[in-house]
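Written out below as structure tokens is the structure these notes cover.
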Amino acid sequence: MTTEIFLRYIHFISIFTIVGSLVAEHLLLKKTMTRSEISKLAKIDAVYGLAALTLLAVGLMLWWGSYGKPAIYYNQNWVFQLKLGLFALLGISSIYPTVFFIKQRKGNPEEVIVIPAKIAWTLRFELLLLLIIPFLAGLMARGIGYA
Ligand code: HEM
């Protein structure tokens, strides 16, 4: 019981960290930024990445660790699989901004870089996914989608 509560706690803290870092990136993003400003975004993005890996690891433990519900409960739940699919889409979408921030932070810190509009739209798409996934999580936790 305690392990499950602890895993759920880490699951939620990871989600809060992901949402917090993505909102921070979106708020700090400007049409043009210096390399030192981009370097700050890259650091926030690294926190996002670590939180996402932690979320995945704990999610897998909740899924396969049979804390509370057996794994088959999730294996036969299309809502859970849709949740995983959207999480994978979130991960894939996050690659472009991450690579851009890592590449553009190097060089003269005062040099001004034009930020492609696609970066802002990608962050917004990720935030949209983060609006949908918890809804699916609540449904699946109550057996909706279980065949
Ligand atoms: C951004 C990504 C994610 C979000 C926002 C999220 C959200 C949530 C929420 C809100 C719950 C609690 C549901 C409830 O009790 O009402 C939950 C539970 C759970 N999540 Fe996630 N989750 C995410 C990613 C994942 C991933 C990647 C996995 C698996 C690899 C996973 C596996 C689980 C499991 C097994 C539970 C327990 C559900 C139950 O009580 O039956 N989650 N998640």
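The values are calculated or read from the model by the stated rules, or taken from the named source; none is laboratory data. Since we're looking at a predicted model, the values are computed, not measured. Note: ideal-geometry Cβ built from the backbone for every residue, glycine included; neighbour counts use all protein chains shown. SASA here: full protein model, heavy atoms, side chains in, ligands and nucleic acids out. Shrake-Rupley method; radii C 1.70, N 1.55, O 1.52, S 1.80 Å.
Some points to look at:
- Of the candidates G59, G68, the single residue that is open to solvent by 50 Å² or more (accessible area, probe 1.4 Å) and within 16 Å of the ligand (Cβ to nearest atom) is G68.
- Against the numbered list (1) more than 10 Å from the ligand (Cβ to nearest atom); (2) crowded, with 16+ Cβ neighbours inside 10 Å, I92 comes up short only at (2).
- Identity of the residue in region 133-147, more than 9 Å from the ligand (Cβ to nearest atom) and open to solvent by 60 Å² or more (accessible area, probe 1.4 Å), that ends up farthest from G20 (Cα to Cα): A147
- Candidates in region 1-56 are the residues that are among the polar types (S, T, N, Q) and either in a helix (DSSP H, G or I) or near the ligand (Cβ under 10 Å from one of its atoms) (or both); of these, the one that is surrounded by the fewest Cβ atoms within 10 Å (Cβ to Cβ) is T2.
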